[in-house]
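Q: Quick one: this structure, given as structure tokens, is what I'll be asking you about.
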Amino acid sequence: MSHIIIGTAGHVDHGKTALIKALTGQDTDRLREEKERGISIELGFAPFKLPSGRLAGVVDVPGHERFIHNMLSGIGGIDLVLLVVDVSEGVMPQTREHLEIMELLKIGSGIVVLTKADLAEDEDWLDLVEEEVREALAGTFLAEAVCLRVSAQSGRGLVELVATIDKLTGELRSRDHRAPLRLPIDRVFTVPGFGTIVTGTLLSGTVKPGMAVEILPVGRTVRVRQVQVHGKLLPEAMAGQRVAVNLPGLEKEALPRGSVAALPGSLTATYLLDVSMKLLLSAPKALKNLTRVHVYLGTGRAVGRIALLDRDELKQGEEAPVQLRLERRLVAQRGDRLIIRSFSPMTTIGGGLVLAVAADKHKRFRADILARLKELEKGDPAEPLLQQIRRDSVVAQNELAKKAGMAPDLLAENLTKLAEEGKIIAVNELWLNMAAVYDWEELIITALENWHQNNHLLPGKSRAELKSALPKSVPLKIYDWLLANLTEEGRLKTSHDLVALASHTPAPTEQEAALIRGLADLYRQSGFMPPTLQEAAEKSGMSVERLGNYVAYLISQGELVRLDNQLALHQQFFKQAKEELLCHFQTKETLAASEFRMKLGSSRKFVLPLLETFDRLKWTRRQGDERVPWRLELAREEADCGD
């Protein structure tokens with residue numbers, strides 16, 4: 001593991017700061033009040049060069065119960081903890097509370113350090129203290145931890161402690177520097193000439209000068225000017241390092257503790273969190289629904305209420321799905337661990353795992369919500385991806401990359417797994433919920449079935465009109481993909497701008513066939529002076545809508561050619577008009593509407609729509625008040641132009 005953070009824990013005045021000074025040579029108490037009172041108040045930081053060459057960052061936390069909020073803002077980002085116990089006092093209240101906090105945060109590795117060993121009367125006393133500590137650690141992650149007897153004053157045990165730290169840190173898994181940037185901010189200050197500086201433990205990703213970062217919850221995006229690690233300017237800092245980042249143009253007041261610097265768009269500041277919460281056995285009483293509490297997450301804290309989703313009371317030692325309803329926004333991501341303290345008096349009563357950032361308040365005892373949270377609680381990294389895609393139906397790949405908090409290869413692996421299971425499908429750079437795809441396909445099929453039933457003579461429904469059968473949120477590119485997919489499966493057929501069921505064939509009834517034949521004769525007899533739909537309807541005694549369906553049928557059968565929404569021409573005369581056009585351009589370079597009107601013996605009312613039809617077919621192109629040939633060779637046939 002290239003970059004590691006070591007943290008301290010333990011009761012006030014048990015020698016945590018003195019131990020860090022003995023290990024690193026640096027005094028982490030930087031405030032005058034800390035030096036005067038002899039206790040840590042704020043977080044302290046120091047670099048620690050290990051024998052292996054790794055450079056660790058050390059976070060020294062205050063031990064006094066009054067400053068537990070400062071302790072909590074620093075303990076969450078550590079990889080290995082040094083639980084410090086004064087041999088002259090043994091296990092004390094904050095020893096136990098710090099231990100409970102580390103258990104709730106699932107810190108995986110640690111060393112027990114019995115400090116001030118030089119003050120012990122003899123080794124038998126140290127044996128008794130160690131036995132007491134072991135009893136307190138039973139059943140915790142430190143139950144089998146190495147326990148060392150150390151004196152910061154005499155130097156006893158320091159060499160062995162350093163070697164143990166070096167060994168254990170070499171076995172730790174590295175944080176993911178390929179995942180999106182995430183830097184919880186635990187300190188903010190200004191430097192004349194440079195502006196605002198923020199510090200914190202880089203939980204994931206990398207940060208470098210020039211890159212844009214979003215500051216949450218304020219929601220402002222700024223560019224990084226400089227990056228430092230342990231006082232040294234670097235071209236890049238990586239996950240697992242203590243970093244100082246220069247953010248010019250950002251006021252210190254816009255960065256309260258609990259703020260987070262992140263890849264823009266990757267995180268959300270929220271008032272609502274879905275959490276799997278555990279109430280400690282040591283909690284003074286059971287937890288009622290909507291109990292007001294203090295919530296500590298990363299470097300931030302907020303007051304909120306706990307909504308119990310599957311019960312009316314959470315008993316000591318129980319774990320249950322809850323929704324935290326906060327009074328101040330916190331920045332969270334699935335998988336984060338948090339601590340919960342009672343509102344008054346303030347004591348640690350529990351903690352939990354963030355399952356999701358919620359969009360709305362949940363109704364209690366909802367089976368679907370409880371099932372979804374239960375799936376998230378299993379810890380499958382693919383599950384939150386699936387739930388996001390199911391919730392939104394269509395999600396862009398880049399949005400998933402931002403929100404998932406995963407390295408690109410891990411994201412690709414989980415998406416591939418879901419796709420192979422048939423739960424999602426990729427369309428270009430979009431991921432679709434397969435259940436939604438099936439629903440959309442059925443909406444299209446049903447819409448066409450209904451349309452064909454009411455319009456059995458028409459060859460198909462226009463693509464634009466058919467899209468209205470789908471939710472407005474379905475993108476056009478996905479609609480086109482659905483049509484192509486259904487066509488490939490043999491369920492649809494498409495022609496130009498029309499879509500129809502593959503099984504559909506326009507077929508008039510016997511009575512309709514007679515009316516349609518009569519209508520075709522009307523258009524044939526009208527020659528180059530065809531009627532409008534309104535005029536044809538009046539002559540035939542039909543409604544305009546009904547006659548329009550018959551005209552559309554004749555057009556689909558190739559007997560009529562549509563010129564505009566009112567006029568159509570019999571195919572016999574359309575061919576004749578095309579022949580006149582070809583013959584005209586054999587000898588002339590331009591064609592005026594008046595010339596063509598004379599050739600056809602028609603009227604301007606009809607000739608203009610006909611010429612516009614030639615334009616749409618790209619046989620001609622308008623040039624001023626005249627037409628010139630364009631792609632006429634595409635329509636060229638043998639034309640009898642006489643002499």
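Q: Fewest first, what order do 499, 162 take by the number of other Cβ atoms within 10 Å?
A: Ordered from fewest to most neighbouring Cβ atoms within 10 Å, 499, 162 come out as 162, 499.
Q: From the square roots a ≥ b ≥ c of the eigenvalues of the alpha-carbon gyration tensor of region 489-587, which class results: rounded (a/c under 1.5), prolate (a/b over b/c), or oblate? Present the calculation step by step, with values, prior to reporting the outcome.
A: Details: a/c = 2.28, a/b = 1.22, b/c = 1.87.
Oblate.
Q: Mean separation of Cα pairs under 8 Å and 6+ residues apart, divided by the residue count of the chain: what relative contact order is that in percent?
A: Values: 1241 pairs, mean separation 49.0, N = 643.
Computed value for the chain: 8 percent relative contact order.
Q: At a 10 angstrom cut-off on C-beta neighbours, averaged per residue, how do the peptides 11-23, 45-57 rank from highest to lowest? Before the final figure, lay out each step's value.
A: Working: 11-23: 22.9, 45-57: 17.3.
Highest to lowest by the protection proxy: 11-23, 45-57.
Q: Just the isolated ones, please: cysteines in the chain lacking another cysteine beta carbon under 4.7 angstrom.
A: 147
Q: In whole Hz and in residue order, list the ³J(HN,Hα) couplings for region 321-330 that follow from phi through the Karplus curve 6.51 cos²θ - 1.76 cosθ + 1.60, θ = phi - 60°; x for Gly and Pro.
A: Karplus-based 3J(HN,Hα) across region 321-330 equals x, 9, 10, 8, 10, 8, 9, 9, 5, 10 Hz.
Q: Can you give the charge dipole size of the chain about its Cα centre, rounded to the nearest 20 debye, using +1 on the beta carbon of Lys and Arg and -1 on the beta carbon of Asp and Glu?
A: On the way: 82 positive and 86 negative charges, 363 e Å.
Magnitude of the dipole: close to 1740 debye.
Q: Within region 592-630, find all residues whose amide N lies under 11 Å from a label point positioned 7 Å from the Cα of residue 564 along Cα-to-beta-carbon.
A: It comes to 605-613, nothing else.
Q: Using a basic spin-label model with each label point 7 Å from the Cα along Cα→Cβ, how many nm lie between residue 364 and residue 502?
A: 5.3 nm
Q: Can you give the helix-only mean residue ellipticity at 222 nm for the chain, where every DSSP H stretch with n ≥ 4 adds -39500 (n - 2.57) and the sum goes over all residues, rounded to the nearest 500 deg cm²/dmol? Write down the numbers at each step before the final one.
A: Numbers: 19 runs with 220 residues, N = 643.
Helix-only estimate at 222 nm: -10500 deg cm²/dmol.
Q: Calculated FRET efficiency, residue 191 and residue 140, Cβ-Cβ r, R0 45 Å, to nearest 0.05? Please list the in-between numbers first.
A: Values: r = 42 Å, r/R0 = 0.93.
Computed FRET efficiency for residue 191 and residue 140 comes out at 0.60.
Q: Could I ask something else about it? Quick one: grab the alpha carbon gyration tensor of region 380-507, order the square roots of its eigenvalues as a ≥ b ≥ c, and give me rounded if a/c is under 1.5, else prolate or oblate depending on whether a/b is larger than b/c. Walk me through the numbers on the way to the answer.
A: On the way: a/c = 3.03, a/b = 2.80, b/c = 1.08.
It comes out prolate by the Cα gyration axes.
Q: Taking every pair of distinct Cα atoms and averaging 1/r, then inverting, what Kirkwood hydrodynamic radius in Å comes out for region 510-643? Intermediate results must be reported in sequence, preceding the final value.
A: Numbers: mean 1/r = 0.0640 Å⁻¹.
Across region 510-643, the inverse of the average 1/r is 15.6 Å.
Q: How far apart, in nanometres, would the label points at residue 544 and residue 588 be if each is projected 7 angstrom from Cα along the Cα-to-Cβ direction?
A: 3.5 nm
Q: Compute the Rg to Rh ratio over region 95-169 from the alpha carbon atoms, using the Kirkwood formula for Rh, and round to two decimal places. Provide the component values of the computation, followed by the final result.
A: Values: Rg = 12.9 Å, Rh = 13.2 Å.
For region 95-169, the value is 0.98.
Q: With a ≥ b ≥ c the root eigenvalues of the C-alpha gyration tensor of region 268-377, is it rounded (a/c under 1.5), prolate (a/b larger than b/c) or oblate? Please report the intermediate quantities before stating the final value.
A: Numbers: a/c = 1.56, a/b = 1.10, b/c = 1.42.
Oblate is the answer for region 268-377, as a/c is 1.5 or above yet b/c matches or exceeds a/b.
Q: What value does region 51-209 have for Rg/Rh, both radii from Cα atoms and Rh as Kirkwood defines it?
A: On the way: Rg = 17.8 Å, Rh = 17.6 Å.
Reported Rg/Rh (Cα atoms, Kirkwood Rh): 1.01.
Q: Evaluate E = 1/(1 + (r/R0)^6) for residue 343 and residue 132, where r is the Cβ-Cβ distance and R0 equals 41 Å; express this FRET efficiency to the nearest 0.05. If you can, show how the numbers build up before the last one.
A: On the way: r = 32 Å, r/R0 = 0.79.
Computed FRET efficiency for residue 343 and residue 132: 0.80.
Q: Between residue 226 and residue 159, what is the spin-label point distance in nm, taking each point 7 Å from the Cα along the Cα→C-beta axis?
A: Output for this residue pair reads 4.0 nm.
Q: Please grab the % of Cα pairs in region 152-279 that end up more than 16 Å from each other. Please report the intermediate quantities before stating the final value.
A: Numbers: 5404 of 8128 pairs.
The answer is 66 percent, as a whole percent.
Q: Express in whole angstrom the spacing between the alpha-carbon centres of region 562-617 and region 418-472.
A: If you average the Cα positions of each part, the centres end up 40 Å apart.
Each value in this text was obtained by applying a stated rule to the coordinates, not by laboratory testing. This structure is a prediction, so every number in the text was calculated from the model and none was measured. Glycine also receives a Cβ, built like all others from the backbone with ideal geometry; neighbour counts cover every protein chain displayed.
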